[in-house]
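The values are calculated or read from the model by the stated rules, or taken from the named source; none is laboratory data. Keep in mind that what you see is a predicted model, and the values were worked out from it rather than measured. All Cβ positions, glycine included, derive from the backbone under ideal geometry; neighbour counts span all protein chains shown. Accessible surface is based on the protein model in full, side chains and every heavy atom, while ligands, DNA and RNA are left aside. Shrake-Rupley method; radii C 1.70, N 1.55, O 1.52, S 1.80 Å.
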Amino acid sequence: MLPDLDTIIENFELIDDPHEQLVYVMELGRSLPPIPEAWKSDQNLVRGCESQVWLVVSAEDDGRRLTIVGDSDSHLVKGFVALMVALYSGKSPEEAAKLDGLDLLKQLNFGAHVTSKRSNGVRAMVEKIQRDASRVS
């Protein structure tokens with residue numbers, strides 16, 4: 001089960017070694033529940049990621065709270081998907097519009113360890129989540 005965002009941030013604060021941070025990110029990815037193969041569709045595919053990433057954004061509580069599920073064909077990228085799920089799930093569409101997944105990576109001191117391609121992939125995930133959130137609200 002994916003820990004909540006506060007727990008993830010606390011755990012990152014305990015990890016100094018960049019390699020161990022990447023291992024933890026991959027562990028977060030493994031904690032995501034699998035998504036049905038039917039959800040790995042073109043509609044849910046994130047454009048702009050080097051790896052294949054699928055994100056499904058839905059709303060609960062009459063559109064007041066988002067649920068995000070996702071998957072990737074890359075273990076490391078699936079960990080970044082998990083970070084975005086932890087960041088955006090449970091938020092309102094309005095709150096989601098104000099959040100930036102790259103800010104979370106900076107807060108976790110990932111800036112120097114994430115390639116520009118991966119940063120672009122995270123940006124593409126954020127844009128898809130925000131775009132889809134505005135549609136389901």
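Some points to look at:
- Candidate set: segment 3-36, residues that are closer than 11 Å to LYS78 by Cβ, of a type outside the set (D, E, K, R) and touching a residue at least 40 places away in the same chain (Cβ under 8 Å); chosen: the one most open to solvent (accessible area, probe 1.4 Å): MET26
- Scanning segment 15-43 for residues being charged (D, E, K, R) and in contact with a helix residue (DSSP H, G or I) (Cβ under 7 Å, 6 or more places away or on another chain) gives a total of 0.
- Of all the residues in segment 67-93, those that are free of Cβ contacts under 8 Å to residues at least 24 places away in the same chain and open to solvent by 50 Å² or more (accessible area, probe 1.4 Å) number 1.
- Residues that are modelled with pLDDT under 85 and open to solvent by less than 20 Å² (accessible area, probe 1.4 Å) within segment 97-113 comprise just one, PHE110.
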